[in-house]
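What follows is a single structure, written as structure tokens, with notes after it.
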Amino acid sequence: MSFDVPDDLRYLESHEWVRVAGDTAEIGITAFAQDELGDVVFVELPEEGAELTAGEDFGVVESIKAVSDVYAPVSGTVTAVNDRLRDEPELLNEDPFGDGWMLEVEVADESETADLLSPDAYRDQIE
Amino acid sequence: MPQTSSSRRSGRWRNDTRRTAFGETPWDKPRPTSFTLDSGVSLRLVLLGETPWDKPRPTSFTLDTGVSRVKYDQARWTDDSDDLYEPLLSEKASKTVDIEDSPLPDDLTRDSLSLPDPAEPELARHYTRLSQMNYGVESGPFPLGSCTMKYNPSFTEDVAARADAAIHPDRPDSTVQGTLALCHRLQDYLGRIGGMDAVTLQPPAGAAGEFTGIQIAKAYHDHNDDERSEVVIPDSAHGTNFATAAMAGYEVVELPSGDDGRVDIEALEAAVGDDTAALMLTNPNTLGLFERDIEHIADIVHDAGGLLYYDGANLNALLGRARPGDMGFDVMHYNVHKTFATPHGGGGPGAGPVGVREELAQFLPNPHVRERGGNYEHYEPDHSIGKIHGFYGNWPVLLKTFAYIARLGDEGLRDASAKAVLNANYLAEQIEYEVPFGPFHHEFVASAGEQDAADAAKRMLDYGVHPPTTKWPEIVDEALMTEPTEGETKRSLDQLAAAFNAVAGDSDAELADAPSRPAAKRIDQATAARNPRLSWQALDDT
């Protein structure tokens, strides 16, 4: 089974994606990640204004199979949180790269994105 | 197939090709439909959905109660879509009561409140019905690996229920010498069983015992001005070990298992150092494997200045044969519900006594029981870690433990461990699923292979037994972690094996719909977790 790996995103080995546009970045988990987790039942995210550090966990995704930490692809300040996930955690399963987005972040250090996986590198990892 | 004596005595099977004996498993071969007694009376066996009166049972019928028409099947009801369901207590009977004046602020109070209001027989039937929908160790085998769901013999309950076992916890020591003597003897028994020098009965559960044990290890290091920050735990360890270490303020260092499923000595040497406060280990481990290098493991940890902690979860495999103290363990807890015979705590009253070697006895919780000049008394150990529980610990649970040990004696306890190991090995021989790691002791981990272990487990419910623990430890793919326990007979092990094998032969489609026979059918876990309904009242769908 092959999973969608959009070409306009960057990835972490731990299956988070980031969509960088200028100094703003959107963060979520990949289609592969949601499939591994199974039905997501609860998502815990930081509040607006929280500081993220690249490589450190910022939230928790709970599925019927497992509870997993999610890690920040970049450092920065949270400017928006996808509140829909509170009542509709299934969005992570249904549309991980769209309606299932988690956070919007003001990127602190754009050079960090250089360390992230390219779509091809991530595709290699999950295949 | 041999005829059993009961069938020879009581009659002959009408249809020889389909005969089977009572007590044999119903699912590996067809049951006889009828047989004739010597007296000439012909009986028809009950098949699913049939009555003993030779005609199919009506699945449901409609009653006009005068108020409404309800379809009725046993105690189950049907809704508009004709799905059978279990009525909530609120649907059976409820009433609304007005709330009188309340001193609480208005925004915290209600004007009226709906409460269940069944007549006493209705209430009794409601709870009996719920209990019939349940499955317990008194319904059939319950092979949850690692959890050790043992049947508890009723003599332990009889002892604990004696009126003279009930004393007020505040009575002066001088007036409860018998109770204290019993505590002291239980401390001694447990110490001898585990190879420990001193035992506290205070902790109210196995996990509380772990926490107490690690607190004692911490107190020991603090006492020696030895600052240590890490607890090393194998990846196959019980989840409580990680939680205990973290709650006690330690960093958890996870130790990968070796290829043989045991502690990887090289990985251990790399993980242990000046920061190591303790290694937490269970032996035999979660795969049922004995840690053969335990003495070497103990040396590695002790040479680094750490302590060795024994998780007593699997002590029933070793009773009367090997002792953690002799292997080099410094602290251990006893899961009295697993090793002896008390009900599982399940959040209620349990007990998790902790044993330590001599040097650590001064740190035991307060109070502890000792003998002084022929009298027994409570006292506070010199450098006690303080209160863990209080008074006598969970006394009735300890009393049941004492009763079990005293009744079985040395020989009985040795027999219990032999049967625990024999039963696990016999069952593993009978089942078709692969068991990748061995030789194992009181439990084994089979692999469901291409099947999803959780679906296989759900399907086992359809075959009338409780399934094993699933999907853990992760070292085995689609793990079915199985512990039949020492109490099961060969017949019930055969029943279990037949259920395993029936599931092993089932199709993916059959697994995907399972279970279909228990009172609660396949549950939509995702919806249940996303929209939990934890009320006795029926909620409106919104």
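A short reminder: the numbers here are calculations on the coordinates, not readings from a lab. Just so you know, these numbers come straight off a predicted model, no measurement behind them. Note: ideal-geometry Cβ built from the backbone for every residue, glycine included; neighbour counts use all protein chains shown.
Using a cut-off of under 17 Å, list every residue of the range B:446-464 whose amide N is near the label point 7 Å from the Cα of B:S507 along the Cα-to-beta-carbon line.
Counting backbone N atoms under 17 Å from the label point, the list is B:451-452, B:456, B:459.
How would you classify the range B:200-277 from its alpha-carbon gyration tensor, with a ≥ b ≥ c the square roots of the eigenvalues: rounded for a/c under 1.5, else prolate if a/b is greater than b/c, otherwise oblate?
oblate
Taking the Cα centre of the protein assembly as shown as origin, sum charge times position over the Cβ atoms of Lys and Arg (+1) and Asp and Glu (-1), and report the length of that vector in debye to the nearest 20.
5920 debye
Using a 7 Å offset from the Cα along the Cα-to-Cβ direction at both A:S111 and A:V67, what is the distance between the two label points in nm, to one decimal?
Distance between label points: 3.8 nm.
Among B:H344, B:H378, B:H223, which comes first, then next, by fewest other beta-carbon atoms within 10 Å?
B:H223, B:H378, B:H344
Please check: in the Gaussian network model of chain A (C-alpha springs, under 10 Å), which one of A:V67, A:V43, A:V78 has the largest mean-square fluctuation.
Answer for the Gaussian network model of chain A: A:V67.
Tell me what the protein assembly as shown gives for mean residue ellipticity at 222 nm when only DSSP H runs of n ≥ 4 count, each as -39,500 (n - 2.57), the sum divided by the residue total, rounded to 500 deg cm²/dmol.
-8500 deg cm²/dmol
So, R0 is 30 Å and r is the distance between the beta-carbons of B:D477 and B:E266; what FRET efficiency does that work out to, to 0.05?
So the FRET efficiency works out to roughly 0.75.
Go ahead and run the numbers for FRET between B:D259 and B:A93, Cβ-Cβ distance against an R0 of 56 Å, rounding to 0.05.
Given R0 = 56 Å and the Cβ-Cβ separation, E is 0.35.
With each label point set 7 Å from Cα along the Cα-Cβ vector, what nm distance links B:E138 and B:R192?
Output for this residue pair reads 3.2 nm.
How large is ³J(HN,Hα) for each residue in the range B:295-311, as worked out from phi by the Karplus curve 6.51 cos²θ - 1.76 cosθ + 1.60 (θ = phi - 60°), to whole Hz, x for Gly and Pro?
Computed from phi, the couplings for the range B:295-311 are 5, 5, 4, 4, 4, 4, 5, 5, 4, 8, x, x, 10, 10, 9, 9, 7 Hz.
Kindly work out what percent of the DSSP beta bridges joining two residues of the protein assembly as shown are antiparallel, to the nearest 5.
85 percent
Of A:A31, A:L92, A:G76, whose Cα points farthest to the positive end of the dipole of the range A:10-112 (charges on the beta-carbon: +1 Lys, Arg; -1 Asp, Glu; origin at the Cα centre)?
Farthest towards the positive end: A:A31.
Cα gyration tensor of chain A, axes a ≥ b ≥ c as square roots of the eigenvalues: rounded (a/c below 1.5), prolate (a/b > b/c) or oblate?
In terms of gyration-tensor shape, oblate.
In which sequence would B:M247, B:M149, B:M460 go, from the one with the fewest C-beta neighbours within 10 Å to the one with the most?
B:M247, B:M149, B:M460
Along Cα→Cβ, 7 Å out, is where each label goes; now give me the distance between the ones at A:T24 and B:R370 in nm to one decimal.
It works out to 7.1 nm between the two label points.
Subtracting the Cα-Cα distance from 0.36 nm times the residue separation, let me have the gained length for B:H383 to B:Y127 in nm, one decimal.
Extra length available between B:H383 and B:Y127 comes to 87.3 nm.
Excluding B:Y379 itself, what net charge comes from residues whose Cβ is under 10 Å from its Cβ, given Lys and Arg +1 and Asp and Glu -1?
That works out to -2.
Quick one: grab the alpha carbon gyration tensor of the range B:410-528, order the square roots of its eigenvalues as a ≥ b ≥ c, and give me rounded if a/c is under 1.5, else prolate or oblate depending on whether a/b is larger than b/c.
prolate
Provide the FRET efficiency to the nearest 0.05 for the B:R185-B:D415 pair, computing r from the beta carbons and using R0 = 30 Å.
FRET efficiency, B:R185 to B:D415: 0.90.
Using +1 on the beta carbon of Lys and Arg, -1 on that of Asp and Glu, and nothing else charged, what's the dipole of the range B:271-387 about the Cα centre, debye to 20?
Taking the Cα centre of the range B:271-387 as origin, the dipole is about 660 debye.
So for B:S507, B:S257, B:S90, fewest C-beta neighbours within 10 Å to most, what's the order?
Starting with the residue having the fewest Cβ neighbours, the order is B:S507, B:S90, B:S257.
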